[in-house]
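Undergrad: Sharing a structure, written as structure tokens. Questions coming.
The values are calculated or read from the model by the stated rules, or taken from the named source; none is laboratory data. Source: prediction; values computed, not measured. Positions of Cβ are generated from backbone atoms using ideal geometry, with glycine treated the same way; all protein chains shown enter the neighbour counts.
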Amino acid sequence: MATVELRFSALPEHVRTARLVAAAVARRAGVDEAVLDEVRLAVGEACTRAVGLHQNSGISAPVKVLLIEEEKQFSIEVGDEAPHAPAGARAAGAAPGDADAETEEDEMGLAVISGLVDDVEVSAGESGGSIRMRWPATSPAALFT
């Protein structure tokens, strides 16, 4: 199992770099060429979500992206360190409209990811969250080395 780890400052301009790296590693892992656009889009959505969560929470920690090559499978995990409130909870001092807008944007991003990727796991807690996405990989990385 080979893993590439990418960390970047929670700034929107770095999301493009994460998409490009993810597509390159996915191609090397044997993900079908026809699926690479979906990989790019899904990673872009997940990273944009993580950047937004960091910025809204005032977190200076980097966004973490793991690109994992396994036998017959390629997975990407995008992690954030933003505290995720339980459903229905609102951050202290936040106006109801602010929380509603952030929740809608978050749900929209997750819906887009779910539409692009068949195998998605979302986890969230007080110390951060992650989105793990998986795709089939048809050729082992050893063929490219």
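Undergrad: Could you say whether any residue in the stretch 68-89 is touching a helix residue (DSSP H, G or I) at 6+ places or on another chain (Cβ under 7 Å) and either at pLDDT below 65 or loosely packed, with under 15 Cβ neighbours inside 10 Å (or both)?
TA: no
Undergrad: Right, something else. Across the stretch 1-44, what is the total count of residues that are closer than 12 Å to Val65 by Cβ and not hydrophobic (A, V, I, L, M, F, W, C)?
TA: Total meeting the criteria: 7.
Undergrad: Where the second residue is surrounded by fewer than 16 Cβ atoms within 10 Å (Cβ to Cβ) and in a strand (DSSP E or B) and the first is charged (D, E, K, R) and modelled with pLDDT of 90 or more and lies in the stretch 103-132, which pairs have Cβ atoms under 7 Å and are six or more apart or on separate chains?
TA: That search, which allows pairs on different chains as well, returns Arg132/Glu121.
Undergrad: Condition first: in contact with a Pro (Cβ under 9 Å, 6 or more places away or on another chain), of a type in the set (A, V, I, L, M) and over 13 Å from Phe74 (Cβ atoms). Now tell me which residues in the stretch 7-52 satisfy that.
TA: Answer for the stretch 7-52, where residues must be in contact with a Pro (Cβ under 9 Å, 6 or more places away or on another chain), of a type in the set (A, V, I, L, M) and over 13 Å from Phe74 (Cβ atoms): Ala10, Val51.
Undergrad: Inside the stretch 117-140, can you point out the residues that are over 11 Å from the mean Cα position of the chain (by Cα), hydrophobic (A, V, I, L, M, F, W, C), under 19 Å from Arg40 (Cβ atoms) and assigned to a strand (DSSP E or B)?
TA: Trp135
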